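Working notes, structure below.
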Amino acid sequence: MLRRSRSCYLSFAPHFAHQYGAVWVDYRGIYDATTRAAGFDYFENSRRATYAQRNYAIANPMGWDCYSKDIWGLSASDGPGDLVINFKGKPTQFYGYAAYGPKGMPDEEDHGTLAPTAAVASIPFAPEICIPAAWALRNFQGGRLYGKYGFFDSFNPSFRDTHVSLRSGSVDGRLGWVDNDYLSDNQGPILGMIANYKTGIIWNATRKVPNLVRGLKRAGFTGDWLNGT
């Protein structure tokens, strides 16, 4: 459930919740009862949530390795596995697939696992921070996160135990864990949102879908392009 956060945006810890609807719907300038009361639309809400993800990585309250202004993004993704290993001298719990999100938010789950889709699929919301992140992730550790079909689903530089049995991916004792899976629910938004940022092709098409327009209006959305349909 979406809840109002202290940072003045509707929060949901794993970042996919701010992306999946926006792949298909151009939320710029249209409002429902919640966003009318807040004073900004869902597109702006997602922009604020994107900045919050980056700011969280910069602050890095859990002390995970490699979080930075360009290496960031927590979302639902693969993880190295349900394992306890040593991290900075302490037994530390890690997980496999989970809805990862910043510590201190509703539904928090930060165990050092980052997902490229969180930053890259947010390019329309905040290109000024997401494009540098996309390049940094593409070149991270010599391109280790990028394979034949694009970005691997996730990675965890803090997970360096080479003696455990993994659910997926591989571990380097110096560089950490990288997944070897491509998950469609994370790959798809990357492609769709880059296309929307460059040309608006999906948004322009779905604006003309009668059932979508009717559904938005029945949900209470008004404003901008909906007023002319």
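Please treat every number below as a calculation from the coordinates, not as lab data. Just so it is clear, the model here is predicted, and its values are computed rather than measured. So basically every Cβ, Gly included, is an ideal-geometry build from the backbone, and we count neighbours across all protein chains shown.
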Practice prompt. Please give the contour-minus-distance gain from residue 90 to residue 172: 0.36 nm per residue of separation, less the Cα-Cα distance, rounded to one decimal in nm.
Written response: 27.6 nm
Discussion item. How large is the Kirkwood hydrodynamic radius of the chain, counting all unique pairs of alpha carbons, in Å?
Written reply: 18.3
Worksheet, complete the sentence: For residue 83, the residues 5 or more places away or on another chain with a placed amide H closer than 5 Å to its own amide H are 94, 95
Discussion item. Could you derive backbone 3J(HN,Hα) for segment 41-46 from the dihedral phi with the Karplus parameters 6.51, -1.76 and 1.60 (θ = phi - 60°), listing whole Hz in sequence and x where the residue is Gly or Pro?
Written reply: 7, 5, 5, 5, 4, 5
Worksheet item: Under 25 Å Cα-Cα from residue 217, which lysines qualify once same-chain neighbours fewer than 8 residues away are excluded?
Response: 208
Practice prompt. Taking the Cα centre of the chain as origin, work out the dipole magnitude from +1 charges on Lys and Arg Cβ and -1 charges on Asp and Glu Cβ, in debye rounded to 20.
Written response: 580
Worksheet, complete the sentence: Shape descriptors of segment 133-229 over alpha-carbon atoms, Rg and Dmax in angstrom, are 19.9, 61
Discussion item. Can you find, among 137, 156, 227, the residue sitting farthest towards the positive end of the charge dipole of segment 127-229, where Lys and Arg contribute +1 and Asp and Glu -1 at Cβ?
Written reply: 227
Discussion item. Using a Förster radius of 22 Å, what is the FRET efficiency between residue 148 and residue 195 based on their Cβ-Cβ separation? Nearest 0.05, please.
Written reply: 0.60
Discussion item. Among 99, 111, 13, which residue has its Cα furthest toward the positive end of the charge dipole of the chain, with +1 on Lys/Arg Cβ and -1 on Asp/Glu Cβ?
Written reply: 13
